[in-house]
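The structure appears right after this line, and notes come after that.
Values quoted throughout were computed directly from the atomic coordinates according to the rules given, and no laboratory measurement underlies them. Just so we're clear, the structure is a prediction, and the values are computed from it rather than from any experiment. Every residue, glycine among them, receives a Cβ derived from its backbone with ideal geometry; neighbour counts consider all protein chains shown.
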Amino acid sequence: MDFLTEGFFNAFTLLVQGHDETYDAISTTLKVSSFSIMISLIIGLPCGFALSYYNFPGKKQIRAVVDTLLSLPTVVVGLLVYAFITKKGPLGDYNLLFETSGIIVGQVILIIPVVVSLSATGIESLDERLRSTLITLGASPKRILISTLYESRFAVMTAAAAAYGRAISEVGVSMMVGDNIKWHTRTITTAITLETGKGEFAMGIALGIVLLLISFAVNGSLIFFRKRS
Amino acid sequence: MTTNKYLYEISGIEHSYGDFTLRIPELKIERGSAVGLSGPNGSGKSTLIRLMSFLEKPAAGQIVFNAASDTRLRATMMQQDPYLLKRTVYDNVCYGLKVKNDYTNLKKRTAEALERVNLNHKIFMYRKWFELSGGEAKRVALASRLILRPEALLLDEPVANVDTESSRAIINAVKWTREEHSTTLIISSHDLTWLNSVTDHIWKLYNGKLAGSGNANLIPGPWIEEKNNLWHTTLPEGDRIYSTQPPDSKAPAVLHPYDIILSEKKLTHTSAVNQIEAKVNLLVSEGTSGKIKVEAEASGRILSCYITKTSAVKMNIIPGKKVYLIFKATSLVWD
């Protein structure tokens, strides 16, 4: 057990002293996951709205596919993205492989189903009188979208928090597409995997603590906004 | 530019939900008028209001608003159980202005709209949606429509399930918007007396069809054939109303209030086969005409008739008094 105690002690030392490699992994993770969540919300929220608000042929089937994609294995996404962005792949010319932009593409694919499915569920649970109220008050289709998302803001925030949690905690995409390159594509989760493999627990524990703190911060903000509203 | 006399021109609309079909061959509503829609539950009042609010398109036929079916609409509707956005009262009331990018004097106009429905803006302006009673929520919903100064204001059962204070505030606000902005009012309600007090004309709906207008009593079927070419329907508490042959056994009959004689006793030696015992519920003076509208409950159904003030005094007609409503089978007519 001594090595664990020592690991925790060293982890706090690394965090307090501002260990460059540790903070670089944290910074890369925050950068990549922030871009991923922003892109996913921009694409996913209108899709979630459309999926819940409109009736069209194949709606149920699309919903079933989106719900199935919630449990998409990260390594499968990593493999697919790798195949597409490798030099031989159809998107090889964009030089996304082993770049943070490649990881962002993979994470967006991974978390869009979370945003679409959870926001669609939230909008579906809204009062059916909302639509007629917005129309009778003169709202345009764009305003109806914005106001409906605002009315379901708790569900939207929950979707965003769940999607962000999936983005920062995934290993498969970051490892396969980013290749865990030090000072470049190394994220918290890939660094933990590497350091644990090397028997270096201190950095792994330090990064694990940061990951947990991020999760608490995200959920804490959610609770705060919910209470405030 | 000449303005069309009619704000709404409805022709040949048909709209179905399951087994129910609303069919209105023709209906014209004059600009600035106040029209009531009355009828039992499921008669099609709410469906017609939704269609006239352009929330839904009729399956057949057309509704022309403001002499053009594609101009910018200026009709707004308040539902029976209105929905408030999950925001403050202020944000609810001025939402319609914001979506039109009209940000002029928002606070002042919101305060005025709230005062119009008798809600103190200093108390209510920043209350959240869940801090309102049912009546207050309905008044906030009405204020959010009044602030838009619509050409047509459609209200679906505006005073159903609200307290007396809210009901009075809603009536006053609705009357004010008509007088001040010449808003055309289309109001559905079960309450005929209330509807009479705010509208110029009442259309009665029954089973998805217009079945008479004005103060006419509507007698729904089913009609069962008796001998001598007489048919009857049974009122909720068992009394029968006799009629001539209906067009079909489910058709609603229209009985004009002027065709009913109000008597203290049953009549003998008369050709009127219908002599139904009733209890006077309400007396309403009809302005300076000297007429009094009497609403009486006959075997579980409210029927209206008219008497003169002189007769009312002579017969001592007061609420609770037992009377007989007398009318001929031929007085029941079919639309």
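Per the Debye calculation on chain B with a single equal scatterer at every Cα and no solvent contribution, log₁₀ I(q)/I(0) for q = 0.15 Å⁻¹ amounts to -1.24.
Classify segment B:209-335 from the C-alpha gyration tensor, please: rounded if a/c falls under 1.5, else prolate or oblate depending on whether a/b exceeds b/c.
On the way: a/c = 2.00, a/b = 1.55, b/c = 1.29.
Note, shape of segment B:209-335 comes out prolate.
Each Lys or Arg adds one and each Asp or Glu takes one away; over the other residues whose Cβ falls under 14 Å from the Cβ of B:I49, this sums to 0.
So what's the back-of-envelope 222 nm ellipticity for chain B, counting only DSSP H runs of four-plus at -39500 (n - 2.57) apiece and dividing by all residues, rounded to 500? Intermediate values should be presented prior to the final figure.
On the way: 9 runs with 77 residues, N = 335.
So the helix-based figure for chain B works out to -6500 deg cm²/dmol.
To make sure I understand, if each residue's beta carbon is the centre and we count other beta carbons within 10 Å, what order do B:H201, B:H15 fall in, fewest to most?
Numbers: B:H201 13, B:H15 21.
Neighbour counts put them in this order, fewest first: B:H201, B:H15.
For segment A:144-213, chymotrypsin sites (Phe, Trp or Tyr not before Pro) are listed when DSSP marks them as loop and at most 16 other Cβ atoms sit within 10 Å of their Cβ; the list is A:W183. Only lysines eight or more places from B:K314 in sequence, or on another chain, were considered; those with a Cα closer than 18 Å are B:K265, B:K266, B:K279, B:K291, B:K293, B:K322. Beyond 30 Å in Cα-Cα separation lie the following of the pairs B:K209/B:K321; B:K98/B:K122; B:K5/B:K57; A:K142/B:K57; A:K59/B:K100; B:K175/B:K250: B:K209/B:K321; A:K59/B:K100; B:K175/B:K250.
Under the classification rounded if a/c is under 1.5, otherwise prolate if a/b is larger than b/c and oblate if not, where does segment B:32-128 fall, given a ≥ b ≥ c as square roots of the Cα gyration tensor eigenvalues? Because a/c hits 1.5 or more and a/b exceeds b/c, segment B:32-128 counts as prolate. Inter-part distance, segment A:116-150 to segment A:84-102, computed on C-alpha centroids, equals 38 Å. Bridges between two residues of the protein assembly as shown, per DSSP, are antiparallel at a rate of about 75%. In the protein assembly as shown, a dipole from Cβ-located charges (positive for Lys and Arg, negative for Asp and Glu) runs towards its positive end, and of B:S11, A:H19, B:N316 it is B:N316 whose Cα lies farthest in that direction. For chain A, the longest principal axis of the Cα atoms and the long axis of helix A:59-68 meet at an angle of about 20 degrees. With loop membership from DSSP and a limit of 12 other Cβ atoms within 10 Å, the longest segment of chain A without trypsin sites (Lys or Arg not before Pro) is A:89-181.
When the chymotrypsin sites (Phe, Trp or Tyr not before Pro) in segment A:48-80 are filtered for DSSP coil states and for at most 16 other beta-carbon atoms within 10 Å of their beta-carbon, the remaining sites are A:Y54. Rounded, prolate or oblate: which fits the protein assembly as shown, taking a ≥ b ≥ c as square roots of the Cα gyration tensor eigenvalues, rounded meaning a/c under 1.5, else prolate when a/b beats b/c? Taking the square roots of the gyration eigenvalues as a ≥ b ≥ c, the protein assembly as shown is prolate. Averaged over the residues of A:129-135, the number of partner chain Cβ atoms lying within 10 Å of the residue Cβ comes to 6. Overall size of segment B:6-206 from C-alpha positions, given as principal axis extents largest first: 48, 35, 33 Å. Once the Cβ-Cβ distance between B:Q62 and B:T310 is put in as r, and R0 is 51 Å, what FRET efficiency do you end up with, to the nearest 0.05? E(calc), rounded to 0.05, equals 0.55. Cα centroids of segment B:8-85 and segment A:175-201: 65 Å apart.
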